[in-house]
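*Asks:* Pasting a structure here, questions to come.
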Amino acid sequence: MNTLPWLHPDRVALLEAGLARRILILDGAMGTMIQAHRLDESGFRGERFKDGLDSHVHHDHAGGCDLKGDNDLLTLTHPDVIREIHEGYYAAGADLVETNTFNATRISQTDYHLQHLARELNLEAAKLARSAADKFSAQTPDKPRFVVGVLGPTSRTASLSPDVNDPGFRNVTFEELAEGYAESAGGLIDGGADVLMVETIFDTLNAKAALYALSEVFRTRGARLPIMISGTITDRSGRTLSGQTAEAFYYSVRHANPLAVGFNCALGAEDLRPHIQTLAGIADCRITTHPNAGLPNAFAEYDETPEHMAGVIGSFAREGLLNIVGGCCGTTPAHIAAIATAVADCAPRALPALSTEAA
């Protein structure tokens, strides 16, 4: 995978140049911004699915299932909403925005009986983000904007049983995961993504399937994109759901030679600090993080203000821990603007020299 040429060498050169100069800014939450639109079932369905009929395939996949909550579907039914969110983050100072594809894998879309849309969802989501990126890049040529094609964790886990009475049972295979990830990645690439990010990884075996799929997609195409990898520490035990520490997680995915590795979601910035410090001490690639706006309250809302979150993130930057930073659940353009200001004068984390042992 890593001997292949870059698919977009000019864009990779611009991205590398930006990373060498400063800490780059990733966008914030997609779900938080979508929720602010208060769309109902008809809003999620739009014209295409208003009668439960997908006219594009001429049979009823979505008739007997509520689609409210399928945020990825809004790429097709309300592209104006998604475009507005992307542009809001670019306007707030983001260098990179993530595609609206967190659950746009065949496996996750099965929950809505829309698995047949997986490739289309990824393709159109990348096109939307690409359009926004190009618009803002044209306005500020000295600050090029980039598109991060997102591959989420899926709604299933290859390492753990969903049945407490049958610990050996699995409801998905490695091969099924890899096939689904390959389909989604193909759409993201064809839609214009600059980087692919395997994110919110709670099960490293799922991530391994994604990384394998990417290697096969790149091999077939004869060219590759940079990869970002972001795990999630699910609670204060300091481990992923499948049981890995931050250090073990990094060494499990290092073989993919990622552009950046880090953690997102689950915890707020302060609680992520020790895990980011661990990665910064061992990783021979860049460090990325996009934490939640604190921990959710009793109403599943996030209370951490932009000012508070930016203060914590700013301390990360002054400690030399960061190369790319943004926000996850509960964050808004206001959070991203505050974070961008907080890290503006901080040097990016320097890449460590590889020892002969590590090489």
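The values are calculated or read from the model by the stated rules, or taken from the named source; none is laboratory data. Since the structure is predicted, the reported quantities are computational estimates derived from the model, not experimental observations. In this analysis, Cβ positions are derived from the backbone assuming ideal geometry, glycine residues included, and neighbour counts consider all displayed protein chains.
*Asks:* So, in region 196-209, of the ones that are in contact with a helix residue (DSSP H, G or I) (Cβ under 7 Å, 6 or more places away or on another chain) and crowded, with 23+ Cβ neighbours inside 10 Å, which residue ends up farthest from Cys328 (Cα to Cα)?
*Replies:* Top of the filtered list is Ala209.
*Asks:* Here is a further query. Against the definition (under 17 Å from the mean Cα position of the chain (by Cα), surrounded by 22 or more Cβ atoms within 10 Å (Cβ to Cβ) and under 25 Å from Ala280 (Cα atoms)), how does Ile313 come out, yes or no?
*Replies:* It is false that Ile313 is under 17 Å from the mean Cα position of the chain (by Cα), surrounded by 22 or more Cβ atoms within 10 Å (Cβ to Cβ) and under 25 Å from Ala280 (Cα atoms).
*Asks:* Give me the pairs, please: first residue somewhere in region 273-301 and of a type in the set (Asp, Glu), second residue anywhere and modelled with pLDDT of 95 or more, beta-carbon distance under 6 Å, and either six or more positions apart or on two chains.
*Replies:* none
*Asks:* Could you check how many residues of region 210-240 are closer than 19 Å to Gly294 by Cα, surrounded by fewer than 20 Cβ atoms within 10 Å (Cβ to Cβ) and of a type outside the set (Lys, Arg)?
*Replies:* Going through region 210-240 one residue at a time, the tally reaches 4.
*Asks:* Cβ-Cβ below 8 Å, separation at least six or inter-chain, first residue in region 324-352 and in contact (Cβ under 8 Å) with a residue 24 or more places away in the chain, second outside any loop (DSSP other than H, G, I, E, B) and of a type in the set (Lys, Arg): which pairs?
*Replies:* Ile324/Arg286; Cys346/Arg318; Pro348/Arg21; Pro348/Arg286; Arg349/Arg286; Leu351/Arg286
*Asks:* Run Asn292 past the list (1) over 19 Å from Ala94 (Cα atoms); (2) crowded, with 17+ Cβ neighbours inside 10 Å; (3) not basic (Lys, Arg) and report the number of the one that doesn't hold.
*Replies:* Only one criterion in (1) over 19 Å from Ala94 (Cα atoms); (2) crowded, with 17+ Cβ neighbours inside 10 Å; (3) not basic (Lys, Arg) is unmet by Asn292, namely (1).
*Asks:* Given Arg83, Arg130, which one is surrounded by fewer than 24 Cβ atoms within 10 Å (Cβ to Cβ), touching a strand residue (DSSP E or B) at 6+ places or on another chain (Cβ under 8 Å), part of a helix (DSSP H, G or I) and not polar (S, T, N, Q)?
*Replies:* Arg130
*Asks:* Tell me which residues, restricted to region 63-82, are in contact (Cβ under 8 Å) with a residue 24 or more places away in the chain and under 18 Å from Glu124 (Cα atoms).
*Replies:* Asp70, Asn71, Asp72, Leu73, Leu74, Thr75, Leu76, Thr77, His78, Pro79, Val81, Ile82
*Asks:* Going through region 113-127 one residue at a time, which ones are assigned to a helix (DSSP H, G or I) and either crowded, with 23+ Cβ neighbours inside 10 Å or touching a helix residue (DSSP H, G or I) at 6+ places or on another chain (Cβ under 6 Å) (or both)?
*Replies:* Those that are assigned to a helix (DSSP H, G or I) and either crowded, with 23+ Cβ neighbours inside 10 Å or touching a helix residue (DSSP H, G or I) at 6+ places or on another chain (Cβ under 6 Å) (or both): Gln115, Leu117, Ala118, Arg119, Leu121, Asn122, Leu123, Glu124, Ala125, Ala126, Lys127.
*Asks:* It is to be established whether one or more residues within region 117-133 are among the basic types (Lys, Arg) and under 23 Å from Ala207 (Cα atoms).
*Replies:* Checked against the condition, which is being among the basic types (Lys, Arg) and under 23 Å from Ala207 (Cα atoms), region 117-133 yields at least one hit.
*Asks:* Moving to a separate point now. Does Asn264 fit the bill of being within 18 Å of Gly327 (Cβ to Cβ), out of contact with any Leu (no Cβ under 8 Å at 6 or more places or on another chain) and crowded, with 21+ Cβ neighbours inside 10 Å?
*Replies:* Yes; evaluated as a whole, the condition is true for this residue.
*Asks:* For region 133-148, give me the residue count where each residue is in contact with a Ser or Thr (Cβ under 7 Å, 6 or more places away or on another chain) and without any contact (Cβ under 8 Å) to a residue 60 or more places away in the chain.
*Replies:* 2
*Asks:* Condition first: part of a loop (DSSP other than H, G, I, E, B), surrounded by 19 or more Cβ atoms within 10 Å (Cβ to Cβ) and among the charged types (D, E, K, R). Can you find one or more residues in region 95-112 that meet it?
*Replies:* Looking through region 95-112, at least one residue is part of a loop (DSSP other than H, G, I, E, B), surrounded by 19 or more Cβ atoms within 10 Å (Cβ to Cβ) and among the charged types (D, E, K, R).
*Asks:* Hey, another quick one. Enumerate the pairs (first residue in region 185-207 and within 11 Å of Arg130 (Cβ to Cβ); second residue anywhere and of a type outside the set (A, V, I, L, M, F, W, C)) with beta-carbon separation below 6 Å, excluding pairs fewer than 6 apart on the same chain, so at least 6 apart or on different chains.
*Replies:* Leu188/Asn122; Leu188/Gly149; Gly191/Lys127; Gly192/Arg130; Ala193/Gly149; Asp194/Arg11
*Asks:* Out of all the residues in region 273-286, is one or more surrounded by 18 or more Cβ atoms within 10 Å (Cβ to Cβ) and assigned to a loop (DSSP other than H, G, I, E, B)?
*Replies:* Scanning region 273-286, I find at least one residue that is surrounded by 18 or more Cβ atoms within 10 Å (Cβ to Cβ) and assigned to a loop (DSSP other than H, G, I, E, B), so the answer is yes.
*Asks:* Could you please let me know if Thr305 is farther than 30 Å from Pro5 by Cα and polar (S, T, N, Q)?
*Replies:* Taking the combined requirement at face value, the residue satisfies it.
*Asks:* Follow-up. From the residues in region 321-336 that are outside any loop (DSSP other than H, G, I, E, B) and under 14 Å from the mean Cα position of the chain (by Cα), which one is surrounded by the most Cβ atoms within 10 Å (Cβ to Cβ)?
*Replies:* Ranking the qualifying residues of region 321-336, first place goes to Val325.
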